[in-house]
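Data block below; observations after.
Rule-based calculations on the coordinates, nothing more; no lab input. What you see is a predicted model, and the numbers here were worked out from it, not measured in a lab. Cβ sites come from the backbone with ideal geometry, for glycine too, and all protein chains shown count toward neighbours.
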Amino acid sequence: MNRKAFTLVEIMIVVAITLLLASIAIPNLLRVRVTAQEASAAAAMHTIATAEIQWRISNPTYTSLAQMGSATPPYIDAILATGTKQGYIFSMVVTNMNQFAACAMQQSSQAHTFYIDESGVVCRSMGVPQACPGMHLGGQCAGAWEQMQ
């Protein structure tokens, strides 16, 4: 009898090679995903700041994400108005009629936290996610934060 089939050793070698390649590729894919989510969050922070400034031109005070999303026409998209987008949770604090601060914090612990205020400067945490410091002073980021380019 002359059978043409794979032996157990050959199948085990193929499985081992596949597992080796997966162990190399999966961490890189996860890192790329986190980087893409961070880029999306930073862009959303610019969108929020621009929308708040446009809102303030027509209204006496700054407002919430939900109100900017439900305006006619909306100032921000409906997904961002819910406060969650691309794995980030967005929050808005209006301290008085002339100041606001927006924060974007990752739902996991792998990515940076972002914040912006009426100065339009986006700041990113230098390490693991941190609580947002509120406002920056004179367009400068707080101590453990760096300015985004």
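Laid out as a table, the results:
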item	result
Residue check for Ile26: exposed (fewer than 11 other Cβ atoms within 10 Å of the Cβ), among the β-branched types (Val, Ile, Thr), over 18 Å from the mean Cα position of the chain (by Cα) and more than 30 Å from Met97 (Cα to Cα)	yes
Tally of residues being under 29 Å from Ile57 (Cβ atoms) and assigned to a strand (DSSP E or B) across region 91-118	17
Matching residues, region 1-34, being assigned to a loop (DSSP other than H, G, I, E, B) and aliphatic (A, V, I, L, M)	Met1, Ala5
Among the residues listed as Thr35, Thr18, the single one being more than 21 Å from Gly120 (Cα to Cα), without any contact (Cβ under 8 Å) to a residue 12 or more places away in the chain, within 18 Å of the chain's Cα centre (by Cα) and loosely packed, with under 15 Cβ neighbours inside 10 Å	Thr35
Candidate set from region 4-14 (those that are surrounded by 10 or more Cβ atoms within 10 Å (Cβ to Cβ) and of a type in the set (Val, Ile, Thr)); member that is nearest to the chain's Cα centre (by Cα)	Val14
From the options Ile48, Ile57, Ile76, residue that is assigned to a loop (DSSP other than H, G, I, E, B), of a type in the set (Val, Ile, Thr) and either free of Cβ contacts under 8 Å to residues at least 24 places away in the same chain or crowded, with 18+ Cβ neighbours inside 10 Å (or both)	Ile76
